[in-house]
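What follows is one structure encoded as structure tokens, with my remarks underneath.
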Amino acid sequence: MIASVLVREGDRVHQGQVAARLADWESRGALADAEAKYQTAVLQMNHALANNDGGEAGVQRVQSDYWKSEVGRAEALLDRTQIRSPMDGVVATPNVENMVGRRLQFGDTFAEVVDTSRAVVDVAIEDDDAGLLAKQAPASIKLNSFPMRTLHGEVAIVSPRSALVWRVRRGSELGDFGEP
């Protein structure tokens, strides 16, 4: 179950950054238990060594080695209760903070992170200007959502055929309705 969400839609995240934490009380309990047993085994080993009891010290050494490996395993399990970003990008899932309290099944998506280092923009060009374009030619574009920024790139494809698609916004839905 998701215990806390540390990101919101539109937040820039880095690879490995913790985006959410799952309920981890069982993992924390297992780690505390393993650490306590490890410390106990180390203390008993040291006590046996102080009493010149090499046999008991050897037994306790094996026990301490075992519990040290259990501490490492418990730490790894506790680390797996954190959901981390798989790459640098921007969180694109709306209302991701509302995921608190939900149970995720194996393979469920928690949030979508979009790689913003590269983007493909599909632009309609007037027929008269289409002859001026060539594949891999430098290109610049301004978007209404970023009126003060000019984005630079290159032409990837010049399609000989295009169709105008009307997009109509209804509430929060965006639908394609084909040619006018």
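The values are calculated or read from the model by the stated rules, or taken from the named source; none is laboratory data. Being a predicted model, the structure only gives us computed values, none of them experimental. Cβ: placed from backbone, ideal geometry, glycine included. Neighbour counts: every protein chain shown.
Would you point out the residue of the range 55-110, among those that are of a type in the set (Ser, Thr, Tyr) and surrounded by 15 or more Cβ atoms within 10 Å (Cβ to Cβ), that is modelled with the highest pLDDT?
Of the range 55-110, the ones of a type in the set (Ser, Thr, Tyr) are 64, 66, 69, 81, 85, 93, 109.
Imposing the further condition that a residue be surrounded by 15 or more Cβ atoms within 10 Å (Cβ to Cβ) reduces the set to 64, 81, 85, 93.
Numbers: Ser64: 94, Thr81: 90, Ser85: 91, Thr93: 88.
Per the criteria, the residue is Ser64.
Take the residues in the range 3-32 that are among the acidic types (Asp, Glu) and touching a residue at least 12 places away in the same chain (Cβ under 8 Å), then tell me which one is surrounded by the fewest Cβ atoms within 10 Å (Cβ to Cβ).
Residue satisfying both the conditions and the ranking: Glu9.
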- How do the pairs read when you match residues in the range 66-85 that are over 18 Å from Val100 (Cα atoms) with residues anywhere that are assigned to a loop (DSSP other than H, G, I, E, B), using Cβ under 7 Å and keeping only pairs 6 or more apart or on different chains? Leu78/Asp24
- Pairs, please: C-beta under 7 Å, at least 6 apart or cross-chain, first residue closer than 11 Å to Val121 by Cβ and in the same structural domain as Ala124 (by TED's automatic domain parsing) and in the range 139-150, second among the charged types (D, E, K, R) and not in a loop (DSSP other than H, G, I, E, B)? Ala139/Glu154
